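Notes follow once the structure below has been shown.
The values are calculated or read from the model by the stated rules, or taken from the named source; none is laboratory data. This one's a predicted model, so the numbers in the text were calculated from it and none came from an experiment. Cβ coordinates were reconstructed from backbone atoms using ideal geometry, including for glycine residues, and neighbour counts include every protein chain displayed. All accessible areas refer to the heavy atoms of the entire protein, side chains included, with ligands and DNA or RNA removed. Shrake-Rupley method; radii C 1.70, N 1.55, O 1.52, S 1.80 Å.
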Amino acid sequence: MTKPLYLLLVFLSFTATSFAQQGFSVSGTVIDTQNHTSLRYATATLIRAKDSILKGFAHSDSSGHFLVIVDSPGKYLVMISYPGFADYLDEVNVDKAVSLSTIPLANNAHVLQEFVFQKRAAAMRINGDTTEYNADSFSVRQGATV
């Protein structure tokens, strides 16, 4: 092969490769639900849905906008997190540039106001050599015998 022809083939292969590598991206804006202000430095993470591999992440800018670029299309989990706020998790199908528009994050103080813990009797309890059953734990028909 002659040198000019060889150089032409190398140049064409690099050109074809650069056109084939299109960027796939996910973008959006993160805001606070209570104050309706943008959240600066929120973390946006893209995780491949089929095997949970981290494929990209970015931080939001001063206006709350983020852009995460990945190298291949597919289904991804988008997780947006910010200290003191509940995480946002969604599944997106990335086949081109995907815009999630505005993503509201709720303050943790507003997510969980009250939690009541009630102890429920176990359906079965072993006490030494005796097995005790809680009859209310089993649904039986009316008038059934044990």
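Tally time: how many residues in segment 10-39 are modelled with pLDDT of 90 or more and either surrounded by 12 or more Cβ atoms within 10 Å (Cβ to Cβ) or over 12 Å from ILE103 (Cα atoms) (or both)?
10
Mind listing whichever residues of segment 40-49 are open to solvent by 10 Å² or more (accessible area, probe 1.4 Å) and not aromatic (Phe, Trp, Tyr)?
Residues of segment 40-49 that are open to solvent by 10 Å² or more (accessible area, probe 1.4 Å), as a first pass: 40-41, 43, 45, 47-49.
ARG40, THR43, THR45, ILE47, ARG48, ALA49 - these are the residues of segment 40-49 that are open to solvent by 10 Å² or more (accessible area, probe 1.4 Å) and not aromatic (Phe, Trp, Tyr).
Exactly one of these conditions fails for SER101: (1) of a type in the set (S, T, N, Q); (2) in contact (Cβ under 8 Å) with a residue 24 or more places away in the chain; (3) at negative phi. Give me its number.
Of (1) of a type in the set (S, T, N, Q); (2) in contact (Cβ under 8 Å) with a residue 24 or more places away in the chain; (3) at negative phi, only one is false for SER101: (3).
Considering only residues that are open to solvent by 70 Å² or more (accessible area, probe 1.4 Å) and either in a strand (DSSP E or B) or closer than 12 Å to SER25 by Cβ (or both), which ones fall in segment 63-94?
Result: HIS65, LEU67, ILE69, ASP71, PRO73, LYS75, LEU89, GLU91, ASN93.
Residue check, SER52 against (1) open to solvent by less than 100 Å² (accessible area, probe 1.4 Å); (2) farther than 16 Å from ASP32 by Cβ; (3) not in a loop (DSSP other than H, G, I, E, B), all met but one. Which one?
(3)
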